[in-house]
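Take a look at the structure below.
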Amino acid sequence: MKPATAAKKLGVYLEATPEEFQAGVVSRDELNELQANPPQWLADLRRNGPHPKQLIAQKLGISTSALVRAGITEALTTEQINAIKEENPDWLVRERQVYVDFKAEEARLAEKARLEEQE
């Protein structure tokens, strides 16, 4: 698979991975080995970042769209994410509520569809 696909499956920011990883092709067996026995570079990336936007959004409890609205377009480290959490700016509070509301509506619609299927 392409390095970008492998990085996504590993939950890491591709541009922060070693050159050999970025330039090569990753087999399914190699991916499984990386997941089962992560080398030091992978463990460090997972712990400290920089992290891809999907993981940043997840750690902040918001959507990736909310990151864009907040002007966050670059990968962030764990330290930077924690600083945002500690600061708890107004935009983060607002976007967290939007995300909670969205998830609740999504669950409501899924339940409604499930009940309609049973009829």
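Starting from the Cα gyration tensor of the chain, take the square roots of the eigenvalues, sort them a ≥ b ≥ c, and report rounded, prolate or oblate (rounded when a/c is under 1.5, otherwise prolate if a/b is larger than b/c, else oblate). Oblate, because a/c is 1.5 or more while a/b does not exceed b/c.
Please give the net charge around residue 53, taking every other residue with its beta carbon less than 15 angstrom from that of residue 53, where Lys and Arg add +1 and Asp and Glu add -1. Before the final figure, lay out each step's value.
On the way: positive: 8, 59, 69; negative: 15, 74, 95.
Net charge around residue 53: 0.
Close amide H pairs (under 5 Å, H built 1.01 Å from N) link residue 51 with 76, 77, residues at least 5 positions away or on another chain.
Taking only protein heavy atoms and a 1.4 Å probe, the accessible area of the chain is 51% carbon and sulfur.
Under a model in which nothing but the beta-carbon of Lys, Arg (+1) and Asp, Glu (-1) is charged, the chain shows a dipole of about 80 debye around its Cα centre.
Each Lys and Arg contributes +1 and each Asp and Glu -1, all at the Cβ; summed about the Cα centre of the stretch 46-90, the dipole is approximately 260 debye. With all protein chains kept in place, the per residue accessible area of the chain amounts to 67 square angstrom at a probe of 1.4 angstrom.
For the pair residue 27 and residue 48, the difference between a 0.36 nm per residue extended length and the Cα-Cα distance amounts to 5.0 nm. In this rough spin-label picture, where each label sits 7 Å from Cα along the Cβ direction, the residue 105-residue 19 distance is 4.8 nm.
The values are calculated or read from the model by the stated rules, or taken from the named source; none is laboratory data. Since this is a predicted model, take the numbers as computed values, not measurements. Every residue, glycine as well, gets a Cβ built from its backbone with ideal geometry; the counts of neighbours run over all protein chains shown. These area figures cover heavy atoms from the full protein model, side chains too; ligands, DNA and RNA do not enter into them. Shrake-Rupley method; radii C 1.70, N 1.55, O 1.52, S 1.80 Å.
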